[in-house]
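What follows is a set of notes on a single structure, which appears directly below.
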Amino acid sequence: VEDLFEQLRQKDVFVLSDVTYAIVETNGTLSVVKKAAVDYLRPSDMGVKVKDEGLEVVVVSDGDLSVGSMHLCGKNEEWIRSILKSEAVPLSEVFILTVNTAGHYTLIRRDGSLKKGVKK
């Protein structure tokens, strides 16, 4: 029972009566469907359309380019290097650079400074 309640808390369920269904999957994880009255409000619930920004991936990790990740978000090395040039950051000074398919990026330097931007 304690294991069940721990897994419920990991799904942001702290009151048992908020659960409509809880299913233990074959791999041992718990899937939870909350009652509509206590579930999170989504933009679609309000009739609001949200633009899909696409997949965000790590394209530079600890100064190393990830070719596979660049392809996942539809970018290439030239595009990545143009961001670094515009931010005046050498590749060796990049701790993490994430990019999504819409061109939004988050750059974290080794010194901990953070920069967000968009490059089409």
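Every read-out reported here was derived from the displayed coordinates using simple, explicitly stated rules and does not represent laboratory data. Bear in mind the structure is a predicted one, so any value in this text is a computation, not a measurement. Counting neighbours? That spans all protein chains shown, and the Cβs are built from the backbone with ideal geometry, glycine included.
Look at 109, 81 and count the other Cβ atoms within 10 Å of each Cβ; fewest to most, that gives 81, 109. A DSSP coil position with no more than 14 other Cβ atoms inside 10 Å describes the following GluC sites (Glu not before Pro) in region 34-118: 53.
Could you quote the convex hull projected area for region 7-120, Cα atoms only and averaged over all directions, in nm²?
10.4
The slack in the chain from residue 50 to residue 62, taken as 0.36 nm per residue of separation less the alpha-carbon distance, amounts to 1.1 nm.
Over region 2-46, what number does the Rg to Rh ratio reach, with both radii from the alpha-carbon atoms and Rh per Kirkwood?
1.02
Neighbour counts of other C-beta atoms within 10 Å: give me 71, 104 arranged from fewest to most.
Ranking 71, 104 by Cβ neighbours within 10 Å, fewest first, gives 71, 104.
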